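What follows is calculated from the coordinates using simple rules that are stated; it is not laboratory data. As the structure is a prediction and not an experimental result, all values here were calculated from the model. As a convention, Cβ positions derive from the backbone with ideal geometry for all residues, glycine included, and neighbour counts pool all protein chains shown.
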Amino acid sequence: MADFNASTPSSSTFYLTGIPSYEARHHWISIPLCILYFIGIVGNCTILHAIRTDSSLHKPMYYFLAMLSFADMGMSLPTFISVLQVLWFISREIEFNPCVIQMFFIHSFSFMESSVLLAMAFDRYIAICHTLRYATIFTPQRIAKIGIFTFLRSSLPVIPLMIRLTYFPLCRFHVLSHSYCLHQDVIRLVCADIKFNSIYGLVVLILYWGLDSLGIFVSYIFTLHSVLNIASWEERLNALNTCASHICAVLILYVPMIGFSIVHLFAKNASPLLHVLMPHIYVLVPPVLNPIIYSVKNKKIHKGIIYLITPKRM
């Protein structure tokens, strides 16, 4: 039998539940999940490759899109390995250190996705409201600095949570309620004062998710005000059409995230299946839908992908 007594984190092994009450159907459940993961990973790899190889896509908007695809990949790959391991190979054990690394990638890349969407909102604002200054504001050097800042801004706040977690004694059953490691799931197993992690985690969420969503909202107020001052309806529609893909990307990130947070905070007595499905939706929906949205709505991305997959004539 597994030893569930008090232990130091470094010697701990966690047991991933998968889909509770549906263990006999894990193989069948894994099929649609793996298909969605495959679509997300291949779609984002295709977007990245198209932007890298097509010189017509070497523009600020597409550099930001590449950052978004990179963040999607960072969310997909760590969870995909775990889900495949639990649902397909029935291997539910995960050591503490790999679990912490997985948590770091999931949480930091979800913050990064939010930060990139904020940068993309500012990009659309400058493109519509300050068109003549667009090229001078978003130079390649400045975009590179934004990318580095976005990565550091997203990853550094997560590190204190991960470090603090390594010092907590774990004295409850080491069973996690998902197919991968999340901080809010692991912290329930701690039998020590977790006030720092709880308060710090809430502050980080408010400062990052809250400020990012507020910044996106404010940028679109100014963008909409500028669009309404455009003379013709055709010009207004063209301007708004350039924002359509970004608005969809914002919604498919924030709606599952808000739903996941509500279920975790206020629906503790809800079905265990709901608590398991919401995190899967949270990490699956953006990586799967973002490439589809941008390849359909954006003609240049669409043409770049078609050119990429079309056999080249000798």
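If you rank Tyr220, Tyr62 by fewest surrounding Cβ atoms within 10 Å, what's the result? Display every interim value, and only then the final one.
Details: Tyr220 18, Tyr62 21.
Exposure proxy ranking, most exposed first: Tyr220, Tyr62.
How long are the semi-axes of the ellipsoid equivalent to the stretch 1-127, from square roots of 5 times the Cα gyration tensor eigenvalues, in whole Å, largest first?
Computed over the stretch 1-127, the values are 36, 19, 11 Å.
Kindly state, as a whole number, the per residue volume in cubic angstrom of the convex hull around the alpha carbon atoms of the stretch 94-212. Display every interim value, and only then the final one.
Working: hull volume 13.0 nm³, N = 119.
Cα-based convex hull of the stretch 94-212, divided per residue, equals 109 Å³.
Residue farthest toward the positive end of the dipole of the stretch 9-309, with Cβ of Lys/Arg at +1 and Asp/Glu at -1: which of Leu176, Leu289, Thr136?
Comparing the listed Cα positions along the dipole, Thr136 ranks first.
Give me the dipole magnitude in Debye, nearest 20, for the chain about the Cα centre, with unit charges on the beta carbon: positive for Lys and Arg, negative for Asp and Glu. Walk me through the numbers on the way to the answer.
On the way: 21 positive and 13 negative charges, 165 e Å.
The calculation lands at about 800 debye.
Need the C-alpha centroid separation for the stretch 98-142 versus the stretch 28-94, integer Å.
The two parts, judged by their Cα centres, are 18 Å apart.
Less than 16 Å apart at the alpha-carbon level, and either on another chain or at least 8 residues along: which aspartates and glutamates does that give for Lys299?
Correct list for Lys299: Asp54.
How long is the gain from Leu273 to Val175 if the chain were fully straight, where each residue apart is worth 0.36 nm and the alpha carbon distance is subtracted? Numbers along the way, then the final one.
Numbers: separation 98, 0.36 × 98 = 35.28 nm, distance 1.55 nm.
Working it through step by step, the gained length comes to 33.7 nm.
Looking at the chain, do any whole DSSP H helices span at least 20 angstrom along their long axis by alpha carbon and average 0.0 or above on Kyte-Doolittle, and which? Can you show the working numbers first?
Details: long enough: 26-53 (39 Å, 1.15); 60-87 (40 Å, 1.26); 96-129 (49 Å, 1.15); 140-155 (23 Å, 0.25); 211-228 (25 Å, 1.48); 233-266 (45 Å, 1.06); 272-297 (37 Å, 1.16).
Within the chain the helices that satisfy the rule are 26-53, 60-87, 96-129, 140-155, 211-228, 233-266, 272-297.
Here are a few candidate values for mean projected area of the Cα convex hull in nm²: (i) 16.7; (ii) 19.4; (iii) 23.0. Which one was actually calculated from the structure I just gave you?
(ii)
Among all the aspartates and glutamates, which ones have a C-alpha under 17 Å from Lys59's C-alpha, if same-chain residues fewer than 8 places away are not counted?
Leaving aside aspartates and glutamates fewer than 8 places away in the same chain, those within reach of Lys59 are Asp123.
To the nearest 0.05, how large is the calculated FRET efficiency for Ser55 and Phe222 if R₀ is 41 Å and r is the Cβ-Cβ distance? All intermediate terms of the calculation are to be shown ahead of the outcome.
Numbers: r = 32 Å, r/R0 = 0.77.
For R0 = 41 Å, the calculated efficiency reads 0.80.
Which of rounded, prolate or oblate describes the stretch 200-263 when judged by the alpha-carbon gyration tensor and an a/c cut-off of 1.5?
On the way: a/c = 4.55, a/b = 2.26, b/c = 2.02.
Because a/c hits 1.5 or more and a/b exceeds b/c, the stretch 200-263 counts as prolate.
Tell me, in nm to one decimal, what length is gained between Val42 and Ile281 on full extension, where the rule is 0.36 nm per residue of separation less the Cα-Cα distance?
Numbers: separation 239, 0.36 × 239 = 86.04 nm, distance 1.80 nm.
My answer for the length gained is 84.2 nm.
Contact order normalised by length for the stretch 9-309, with contacts defined as Cα pairs under 8 Å and 6 or more residues apart; what percent is it?
Averaging sequence separation for qualifying contacts and normalising by length gives 30 percent for the stretch 9-309.
For the pair Phe196/Met162, report the inter-label distance in nm, with labels modelled 7 Å from Cα in the Cβ direction.
If labels sit at Phe196 and Met162, their model points lie 1.7 nm apart.
For Ser91 and Val203 in the same chain, what is the full-extension length gain: residue separation times 0.36 nm, less their Cα-Cα distance, in nm? Spell out each step's value before the answer.
Details: separation 112, 0.36 × 112 = 40.32 nm, distance 3.52 nm.
My answer for the length gained is 36.8 nm.
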